[in-house]
Amino acid sequence: MRIKELLNQRFSAAMQAAGIPSECSPILALSGKPQFGDYQANGAMAAAKRLKSNPRELAEKIIQLVELDGVADKLEIAGPGFINIHLSDAFLTACLSENTLHTKGESVHSGDRQTVVVDYSSPNLAKEMHVGHLRSTIIGDAVAQVLEYQGHKVVRQNHMGDWGTQFGMLIAELEQQLSEGEQAELALGDLELFYQQSKKHFDEDPAFADTARAYVVKLQSGDAHCRTLWEKFIQVSVAHNLEIYRQLNVGLSAEHIMPESAYNDDLQNVLDDLMAAGIAVESEGAKVVFLDELADKNGNPSVMIVQKSGGGFLYATSDLAAMRYRVNQLHADRILYFIDARQSLHMKQVFAAARKAGFVSDAVSLEHHPFGTMMGKDGKPFKTRSGGTVKLADLLVEAVERAEQLLRSKNTDLGDDEIKAIARSVGIGAIKYADLSKTRTNDYIFDWDAMLSFDGNTAPYLQYAYTRIRSIFRKAGLDADTFSADICLTAAQEKTLVMKLLQFDDIVDQVAAEGYPHILCNYVYELASAYMTFYEHCPVLKDEVADNIQKSRLQLCKLTSETIAKGLELLGIEVMEKM
Ligand code: ARG
């Protein structure tokens with residue numbers, strides 16, 4: 001059983017025995033400082049308020065009643081009634097050897113398992129993927145992995161934008177280029193260029209613009225010719241995206257694509273149901289939903305258009321259809337959206353409308369997990385030197401190149417192929433970790449030097465920490481994967497490390513609940529730092545170290561390397577044996 005859970009049970013029982021009503025919980029938390037013990041039970045204050053009694057006296061009573069033999073050595077009251085819990089060494093080492101670390105798939109009880117739909121990446125297919133899609137893709141992927149690790153059923157949904165008015169223009173352009181003898185694959189070889197060509201055509205040639213507009217309508221009403229052109233375009237664009245996902249090492253593949261077009265046939269139904277329920281109304285020829293719950297400070301309701309006066313449906317309409325699908329077909333308990341903070345109003349609107357229309361019951365949690373913008377070092381949105389949007393494909397190539405230079409400058413004895421493979425893991429890992437390790441709701445500054453540094457809270461630092469531990473085993477001629485020994489604690493640094501190791505699942509719980517991967521990054525970094533301190537103070541392979549202590553320390557090394565690797569794996573970052 002997890003330590004926190006065990007303490008919770010024991011303290012709840014003691015509180016009940018002390019006559020405290022069961023709604024009052026023990027409120028357990030990790031202690032911020034070692035002098036306050038390992039955990040704290042902070043529930044006595046609230047309980048005393050409830051009972052109108054003295055909190056310190058109540059805490060005293062709880063301490064007398066709580067059954068913690070063999071678990072804690074010492075309990076003490078601090079301040080107004082905090083209970084500091086000092087766990088016993090024997091209990092901690094037993095926890096580690098029971099293998100309570102990395103309880104893959106078992107960290108939620110079967111009754112608490114949920115179906116969680118995670119909407120992430122979701123780029124528009126009209127253009128090539130650019131840096132704006134990076135954050136959603138990697139943050140969403142990390143949270144999806146964390147939820148899966150806990151044992152939830154995760155359904156990834158890549159809500160790709162493949163259905164807007166832009167596609168009329170793009171297929172008109174494709175038709176023209178094909179009629180000039182161009183091959184589709186070649187014409188679409190550079191999607192960015194293709195987009196610019198078609199946009200130019202659209203702006204400069206009125207006849208072309210008319211065709212483009214007609215094609216949107218034709219496409220959406222199922223015209224076979226337009227559909228064929230559109231499919232060609234989409235195929236190339238999707239293939240490009242899948243290649244980026246592969247390079248980025250994220251768990252998105254073709255099966256997770258559920259694009260806007262997939263909801264086309266349901267949009268009229270959505271509208272009909274909204275109209276029938278009186279939630280959508282006609283206004284100036286369009287169909288709109290007025291949302292009083294999102295009214296501005298003057299009391300004007302927020303307006304969400306679901307059908308334009310010309311009959312076209314909108315982004316919001318697809319999102320409503322998607323929500324219904326996720327609830328009714330996918331049986332979602334939670335739906336998480338990893339979308340730029342600039343879409344916050346849109347998300348609020350569709351959530352409010354979906355609730356109002358009864359598409360999504362209160363039992364289902366709808367969560368927009370927003371993130372800020374990626375900025376350049378100049379503090380402005382990240383752009384190329386010439387001011388254009390940075391293509392993701394180019395960014396990833398640069399990351400790997402920079403990592404390779406860095407590795408070569410470290411002058412290692414690695415072979416050429418090894419360097420290339422490691423450079424990929426380090427370069428991609430650095431980009432991902434730099435993003436994941438920042439509080440996602442803030443804007444963040446993209447900085448090559450900082451993310452590729454071997455010092456501080458970076459992917460290369462953690463990857464290197466892992467390889468150093470693995471090299472200890474190589475030096476000792478031992479196989480880390482099969483090695484196993486009992487742990488005996490002889491130094492404070494060992495205990496600190498053990499406490500950190502045992503927190504892994506609590507951290508994962510927090511990330512799963514709140515959707516902030518930086519919490520896991522900070523944890524892995526703190527774990528690596530606790531390990532470094534341990535390693536400085538506690539020799540492992542030196543001759544003077546007694547055999548049982550050496551084995552115990554090797555076991556700590558092993559558990560640390562496994563936990564670093566597991567944490568990084570959940571974040572979508574690879575580790576390697578050497579670097
Ligand atoms: N395609 C949209 C964009 O690039 C993001 C879609 C996010 N998901 C959603 N269900 N709205 O801005």
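Among residues that are closer than 30 Å to Tyr433 by Cβ and acidic (Asp, Glu), Glu180 is not included. Of note, Ile431 satisfies the criterion of being of a type in the set (A, V, I, L, M) and within 19 Å of the chain's Cα centre (by Cα). Among the residues making up region 454-471, those that are within 20 Å of Ile519 (Cα to Cα) and small (Gly, Ala, Ser) are Gly456, Ala459, Ala465. Loosely packed, with under 14 Cβ neighbours inside 10 Å and of a type in the set (Ser, Thr, Tyr): does that describe Ser179? Taking the combined requirement at face value, the residue satisfies it. Selection over region 118-129 of residues that are touching an Asp or Glu at 6+ places or on another chain (Cβ under 7 Å) and either assigned to a helix (DSSP H, G or I) or crowded, with 24+ Cβ neighbours inside 10 Å (or both) gives a count of 2. Each residue in region 399-439 was checked for being without any contact (Cβ under 8 Å) to a residue 24 or more places away in the chain and either surrounded by fewer than 20 Cβ atoms within 10 Å (Cβ to Cβ) or more than 19 Å from Gly572 (Cβ to Cβ) (or both), and 12 of them qualify. Of the residues making up region 46-55, those that are surrounded by fewer than 17 Cβ atoms within 10 Å (Cβ to Cβ) and touching a residue at least 24 places away in the same chain (Cβ under 8 Å) are Arg50, Leu51. Residues in region 406-438 that are polar (S, T, N, Q) and at pLDDT 95 or above were compared, and the one that is nearest to Lys383 (Cα to Cα) is Ser437.
I'd like the residue in region 316-329 that is over 17 Å from Leu345 (Cα atoms) and either in contact with a Pro (Cβ under 8 Å, 6 or more places away or on another chain) or assigned to a helix (DSSP H, G or I) (or both) and, out of all such residues, is farthest from the ligand (Cβ to nearest atom). Among those residues, the one meeting the criterion is Asn328.
Okay, residues lined up against (1) closer than 30 Å to Glu255 by Cβ; (2) in contact with a Pro (Cβ under 8 Å, 6 or more places away or on another chain):
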site: Arg50; (1), (2): no, yes
site: Lys61; (1), (2): no, no
site: Thr93; (1), (2): no, no
site: Asp112; (1), (2): yes, no
site: Asp119; (1), (2): yes, no
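Screening Ile469, Ile507, Ile445 for residues that are within 29 Å of Ala423 (Cβ to Cβ), β-branched (Val, Ile, Thr) and modelled with pLDDT under 95 leaves exactly one candidate, Ile445. When restricted to residues that are hydroxyl-bearing (Ser, Thr, Tyr) and either part of a helix (DSSP H, G or I) or within 22 Å of Asp69 (Cβ to Cβ) (or both), region 14-35 contains 1.
Pairs meeting the criteria (first residue in region 256-280 and closer than 18 Å to Arg355 by Cβ, second residue in a loop (DSSP other than H, G, I, E, B) and among the β-branched types (Val, Ile, Thr), beta carbons under 7 Å, at least 6 apart or on different chains) are lacking. Beta carbons closer than 6 Å, at least 6 apart along the sequence or on distinct chains, pair a first residue in region 523-538 that is closer than 13 Å to Gly567 by Cβ and modelled with pLDDT of 95 or more with a second that is in a helix (DSSP H, G or I) and small (Gly, Ala, Ser) for Val524/Gly567; Ala528/Ala465.
The residues in region 440-460 that are crowded, with 20+ Cβ neighbours inside 10 Å and farther than 20 Å from Val511 by Cα can be counted, and the count is 3.
Would you confirm whether or not region 502-510 contains a residue that is in a loop (DSSP other than H, G, I, E, B) and within 27 Å of Pro34 (Cβ to Cβ)? Scanning region 502-510, I find at least one residue that is in a loop (DSSP other than H, G, I, E, B) and within 27 Å of Pro34 (Cβ to Cβ), so the answer is yes. Counting the residues of region 130-148 that are buried (at least 23 other Cβ atoms within 10 Å of the Cβ) and farther than 27 Å from Val397 by Cα gives 2. When you check Arg355 against the structure, is it within 12 Å of the ligand (Cβ to nearest atom) and either farther than 25 Å from His518 by Cα or assigned to a helix (DSSP H, G or I) (or both), yes or no? Judged against the criteria, Arg355 is not a match. The residues of region 330-352 that are of a type outside the set (A, V, I, L, M, F, W, C), outside any helix (DSSP H, G or I), more than 12 Å from the ligand (Cβ to nearest atom) and at negative phi, listed by number, are Asp333, Arg334. Assessment of region 365-375 against the conditions (within 10 Å of the ligand (Cβ to nearest atom) and more than 18 Å from Glu514 (Cβ to Cβ)) yields no matching residue.
Can you name the residue in region 278-310 that is of a type in the set (Gly, Ala, Ser) and surrounded by 12 or more Cβ atoms within 10 Å (Cβ to Cβ) and, of all such residues, is nearest to Met323 (Cα to Cα)? Filtering region 278-310 for residues that are of a type in the set (Gly, Ala, Ser) and surrounded by 12 or more Cβ atoms within 10 Å (Cβ to Cβ), the one nearest to Met323 (Cα to Cα) comes out as Ala280. Phe313 passes every criterion in (1) within 16 Å of the ligand (Cβ to nearest atom); (2) within 25 Å of the chain's Cα centre (by Cα) apart from (2). The set of residues from region 36-75 being under 14 Å from Met499 (Cβ atoms) and either of a type in the set (Lys, Arg) or in a helix (DSSP H, G or I) (or both) comprises just one member, Phe36. Just wondering, is there one or more residues in region 109-117 that are assigned to a strand (DSSP E or B), of a type in the set (A, V, I, L, M, F, W, C), under 21 Å from the mean Cα position of the chain (by Cα) and surrounded by 23 or more Cβ atoms within 10 Å (Cβ to Cβ)? Yes; the residues of region 109-117 include at least one that is assigned to a strand (DSSP E or B), of a type in the set (A, V, I, L, M, F, W, C), under 21 Å from the mean Cα position of the chain (by Cα) and surrounded by 23 or more Cβ atoms within 10 Å (Cβ to Cβ). The condition (being farther than 17 Å from Pro123 by Cβ and in contact (Cβ under 8 Å) with a residue 12 or more places away in the chain) is satisfied by just one residue among Leu252, Leu248, Leu242, Leu229: Leu229.
Can you tell me which residue among His159, His133 is under 28 Å from Tyr195 (Cα atoms), within 10 Å of the ligand (Cβ to nearest atom) and at pLDDT 90 or above? Answer to the selection: His159.
When Lys33 is tested against (1) within 30 Å of the chain's Cα centre (by Cα); (2) crowded, with 16+ Cβ neighbours inside 10 Å, just one condition goes unmet, and that condition is (2).
The values are calculated or read from the model by the stated rules, or taken from the named source; none is laboratory data. Just so you know, these numbers come straight off a predicted model, no measurement behind them. Note: ideal-geometry Cβ built from the backbone for every residue, glycine included; neighbour counts use all protein chains shown.
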